[in-house]
Amino acid sequence: MAEVARGASEVGRQRPPVGPNQPVQPGTPNRAEHPGGPGVDRQRPATPTWPEEPPAPGADRPDWRDTLRNAADLALLGIAATVATLPVVTAGAALGTASAALHHWIETGSWPGLRATLRGFGRRVLPGAGATAVAGLAGTLLAVNLLVLGRGVVPGGTVLVAVTVALAVAAGGFAGLTIVQLGRQGGEGWGTAARAAARLIAARPAVLLGTAGVVALAGLLCVLVLPLLTPILLGYTLLGLHATTRRIAGSDLS
C-alpha cells in the first residue's frame, strides 16, 4: 500500500495542474475551457462536425416511362377529337369534350371515364353545333376577305391584308381561350365560356397574345411540316392553350 501511494504522488508531481497562464500539453484535458467544476474532463473533438449532406434531388421526378405515357395520352386525345369532328356539326362538342377531359387530367392527374365522356359528348352535340356554325361563318368571312384583297378585287392592298391576317390570328386566339374556359366549366356553356374569355382578355390582354401564338404556331406546323400529323398535334395544341392561359392569367383565371 505504501508503494502504491508513493507511485501516485510521483505521477502527480510529473503532471502539474494547468493554470490560466500555462500551455496545455497534448492529450491533457483543458479544464479552463469547460467550467464544469473539478472532476469534469472534456476534450475537443478530433475532427470537425460537418453538416449532413442534403438528400439527393429529383427523388420524386417522373421517369421516362411517365413522360412517354403522357405523350401517348395527349396524342390519343388529339386523334379521338379529330375523328369526332369529321361530321363537322360535332366539332364544337368534340373540342369541348376534349378540353374538359384535359382539364380533368391537369387537375387530378387522371383521365375521366370513357362512359362519362361519351355521355357528355352526346349531350354537347346540339349546343356545340351552334358554336361550330358561328366559328365557320367567321372563318369564311375572313378567308373571302383575304382572297379578294390578295387578287386586288377591292382596294387596300398589303395593308388591309396584314390587318385581316392579324384579325384572323386574334380570332383564333379568342376561340382557343374560349375552348379553355369551356373545358374549365366541364365542357358546358359556350356563351358563358365566351364571356369569361372576353373578361379575361380585358383584365390580362397578354393572354390573347399567348393563345393566338399557340394557335398560329400549330397552324403553321400543320401546313408546313406534315398535314397528316394534325390529329396528333391537336392534343398538344389543347395542352399548350391550357398551359399558356394558366401561366399568363394566374389569379385572374376563374
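Using C-alpha pairs below 8 Å separated by at least 6 residues, the relative contact order for the stretch 136-199 is 22 percent.
Per-residue 3J(HN,Hα) values for the stretch 111-128, derived from phi via the Karplus relation 6.51 cos²θ - 1.76 cosθ + 1.60 with θ = phi - 60°, read 8, x, x, 5, 5, 5, 5, 5, 5, x, 4, x, 6, 9, 5, 5, x, x Hz in sequence order (x marks Gly and Pro). Normalised by the number of residues in the stretch 53-201, the average gap of Cα pairs under 8 Å and 6 or more apart makes the relative contact order 25 percent. Of the trypsin sites (Lys or Arg not before Pro) found in the stretch 100-206, the ones in coil according to DSSP and having at most 11 other Cβ atoms within 10 Å of their Cβ are Arg151. Look at the alpha carbon pairs under 8 Å that are at least 6 residues apart: their mean separation over the length of the stretch 136-254 gives a relative contact order of 25 percent.
Fully extending the segment from Ala170 to Ala116 would add 16.1 nm, taking 0.36 nm per residue of separation and subtracting the current Cα-Cα distance. A straight line joining the Cα centroids of the stretch 121-170 and the stretch 64-91 runs 26 Å. Per the Debye formula on identical point scatterers at the alpha carbon atoms of the stretch 97-180, with no solvent, log10 I(q)/I(0) at q = 0.19, 0.20, 0.21, 0.26 Å⁻¹ is -0.88, -0.93, -0.98, -1.20.
Quick note: the coordinates plus some simple rules give every number you see, no bench work behind them. Please read all numbers here as calculations on a predicted model, not as lab measurements. Quick reminder, even Gly has a Cβ in these numbers, built from the backbone with ideal geometry, and neighbours come from all protein chains shown.
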